[in-house]
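Working notes, structure below.
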Amino acid sequence: MPVSGRRKSIAFFITLGACLVALATALNVGWILLSWREVALLVFGIIFFMLIIVGLVLNTTFLIREIRRNEQHDAFINAVTHELKTPLASIRLYLETLKKRETSEEQQQKFYDIMLADSDRLLQTVEQVLRAGSVGQPRRRLNRTIIDVGEMVGECIALAHTRYHLDPDAVVYTELLDGQPAHVKGDAEELRAAVLNLLDNAVKYSDKGVRLSVEVAALADKKVAVRVADSGVGIAQAQLNRIFKRFYRVPGRVMARVKGTGLGLFIVRSIVEKHGGKVFAESEGPGLGTTFTIQLPRV
Ligand code: ADP
């Protein structure tokens, strides 16, 4: 069903639910007025009508939640299909060109580089979907070792530089450690994935050139913080918590322009919470950049 048709039928059923609740309330009031002298009947009547109203409200709430979830699943399937199809189509096109036409050595090298970048993008999408599945499993065991957070963040920044061909001064990295070691106990691969997701987003949602500030700081209560700040599209106050939900993407023009699956921050939060930490976002509002902070217990 097209989106506008679906919206109309959703609006119809929500209105129907609201009308039913109003009708039940009117009946209840009528019942009280008519039978106020027969106390036992009145009491039972009120209780049953209350139960019906509560049931209707619960039912409508459940339906609305299911409809929203369904819409998010649809958007996710579309996004993943797009993310898988586009690089594959591109690789295929370059392979066909290489097969059919005479190409110079220089051109060939260029094509190989593009195909490699496309296959990286493909791999990233597949890894992201697999990781979203695995981090959601409560029984999955972590491969814990002692990790130097500063070193790990440095590696992630270097990877982001190569992945996105950033200017040498696009990322400013600062350590505020006061000579204290920033060691945490955790799964290196998972923590690296969390930090990389924040860096990927910071680059993706920077509309006026990438200018990032990354900080590793020792906090007073035996914690270490990793902050990733960008000067990009920013986030409205009301969305700051929702963005960590699975499949959730902030609606609007930016989402239509910047592709994504809505899994990244869900993965970040799942990983950080499994390590006994927390993650949160701060933004002055749309257009004013965003800062993400991960806090982890230090060892
Ligand atoms: P995706 O980026 O694939 O959409 P994420 O879970 O990584 O999914 O992010 C969820 C949403 O949060 C994004 O759709 C985007 O609207 C918002 N968001 C995430 N990071 C940033 C950022 N650095 N600046 C602005 N908005 C962001």
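Here is how the numbers come out for the structure above:
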| quantity | calculated |
| --- | --- |
| Additional length obtainable on full extension of the chain from residue 11 to residue 84, 0.36 nm per residue less Cα span | 22.9 nm |
| Cα-centred dipole magnitude for the chain, charges only on beta-carbon of K, R (+1) and D, E (-1), debye, nearest 20 | 1200 debye |
| Region 18-61 shape via C-alpha gyration tensor axes, a/c threshold 1.5 | oblate |
| Sequence-separation-based contact order of region 1-135, relative, with Cα cut under 8 Å and 6+ spacing, percent | 21 percent |
| Centroid-to-centroid separation of region 116-185 and region 200-214 [C-alpha atoms, Å] | 16 Å |
| Pairs beyond 22 Å (Cα-Cα), from 8/204; 185/245; 185/274; 85/204; 223/259; 85/274 | 8/204; 185/245; 223/259; 85/274 |
| For region 144-297, size of Cβ-based charge dipole, Lys and Arg +1, Asp and Glu -1, in debye | 860 debye |
| For region 82-94, 3J(HN,Hα) per residue [Karplus equation, 6.51 cos²θ - 1.76 cosθ + 1.60, θ = phi - 60°, Hz, x = Gly/Pro] | 4, 5, 8, 6, 4, x, 5, 4, 5, 4, 4, 4, 5 |
| Length-normalised contact order for the chain - Cα pairs under 8 Å, 6+ apart - percent | 15 percent |
| Global geometry of region 144-297, whether rounded, prolate or oblate, following the gyration tensor of its Cα atoms and the 1.5 cut on a/c | prolate |
| Gain in span if fully extended, residue 140 to residue 278, counting 0.36 nm per residue against the direct Cα distance | 47.8 nm |
| At R0 = 51 Å, FRET efficiency that the Cβ-Cβ distance of residue 167 and residue 22 yields, to 0.05 | 0.25 |
| Chain lengthening between residue 288 and residue 70 when straightened (0.36 nm per residue, less Cα-Cα) | 75.3 nm |
| Tensor-based shape of region 1-117 (alpha-carbon gyration tensor, a/c under 1.5 rounded, otherwise prolate or oblate) | prolate |
| Backbone N within region 181-209 under 12 Å of label point (7 Å from residue 151 Cα along the Cβ vector) | 182-184 |
| Packing rank of 220-232, 177-189, where each peptide gets the mean count of other beta carbons within 10 Å, highest leading | 220-232, 177-189 |
| Reach of residue 99 by Cα under 18 Å, taken over lysines that are not fewer than 8 positions away in the same chain | 110 |
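Any read-out appearing in this document is the output of simple, stated calculations on the displayed coordinates, not a laboratory observation. Note that this is a predicted model, so its numbers are computed, not measured. Glycine also receives a Cβ, built like all others from the backbone with ideal geometry; neighbour counts cover every protein chain displayed.
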